[in-house]
1. Select, from 173, 140, 100, the only residue that is part of a helix (DSSP H, G or I), farther than 22 Å from residue 9 by Cα and in contact with a helix residue (DSSP H, G or I) (Cβ under 9 Å, 6 or more places away or on another chain).
2. Of these, 159, 84, 164, which one is exposed (fewer than 12 other Cβ atoms within 10 Å of the Cβ) and out of contact with any strand residue (DSSP E or B) (no Cβ under 7 Å at 6 or more places or on another chain)?
3. I'm checking my understanding of the structure. Among residues of segment 85-108 that are in contact (Cβ under 8 Å) with a residue 24 or more places away in the chain and more than 22 Å from the chain's Cα centre (by Cα), which one is nearest to residue 54 (Cα to Cα)?
4. Which one of these is free of Cβ contacts under 8 Å to residues at least 24 places away in the same chain and under 23 Å from residue 146 (Cβ atoms): 21, 64?
5. Give 125, 155 a once-over and let me know the one that is part of a loop (DSSP other than H, G, I, E, B) and touching a helix residue (DSSP H, G or I) at 6+ places or on another chain (Cβ under 7 Å).
6. Taking helices (runs of 4 or more DSSP H) that fall entirely within segment 9-77, which contain at least 1 residues that are surrounded by 14 or more Cβ atoms within 10 Å (Cβ to Cβ) and in contact with a strand residue (DSSP E or B) (Cβ under 7 Å, 6 or more places away or on another chain)?
C-alpha cells in the first residue's frame, strides 16, 4: 500500500475482528438495512453507494471498514441535487497558504501554531492549549464528481445480496476517490517534506 493513498480497506482486520468470522462490515450492513430503504431498486446506483460508504466510514464501526490517510479529516459521498450524480465532499489538512508563509507580519508576535500532531496524526488542539496559544489550521475543501460507471446496481430489496453489493460499491468508491484525492495528498506530503 502506498503511503500516499487517500483511502484503503483492511480486509484482514475486517475478517479477523468479525463476530461471525466473515466480516464486521457485512454485519454492520445487515444491522443497518433500513438505511438503504430509499435506494432499493433505484435505477441509479448513487443512493445505495452513498449509504454503503456512510456505513463503511461511520465512527460506530471503529476502525472503519474504509480507512484514510492522516490528512483526510472527513469524506462524504452525496447525491448531487442538480442532476442526481455522485459527489464526494472531503476535507484535508493543508499547510498554510503561501500568502501567509512568506511574511510573518500578520503574526503580531502571537506565536500562531499549525495543526498539532500526536504520533504523526493531526489532532484538534486541546482546550488547555486554546486558552494560551492561537492556532491557524489550514484545510482544503474538496467537492468533486465521482464516476458512476463501475458502481454496482442497487438491489431491489433486502432479500438480495445487500452485503456483497455494498462491499463492491465501497471498493469502487475507494478506487475512484483515490484517483481524485491521492495525488493531492502526495503533493501536500512532498511539500511538507514527508515524501
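Bear in mind these aren't lab numbers, they're just calculated from the coordinates by the rules spelled out. All figures in this text were calculated on a predicted structure; none of them were measured in a lab. Reconstructed Cβ throughout: ideal geometry from the backbone, glycine too, with neighbour counts over all protein chains shown.
1. Among 173, 140, 100, only 100 is part of a helix (DSSP H, G or I), farther than 22 Å from residue 9 by Cα and in contact with a helix residue (DSSP H, G or I) (Cβ under 9 Å, 6 or more places away or on another chain).
2. Answer to the selection: 159.
3. 97
4. Criteria check complete, one pass: 64.
5. Matching residue, one of 125, 155: 155.
6. Where helices (runs of 4 or more DSSP H) fall fully within segment 9-77 and carry at least 1 residues being surrounded by 14 or more Cβ atoms within 10 Å (Cβ to Cβ) and in contact with a strand residue (DSSP E or B) (Cβ under 7 Å, 6 or more places away or on another chain), they are 46-57.
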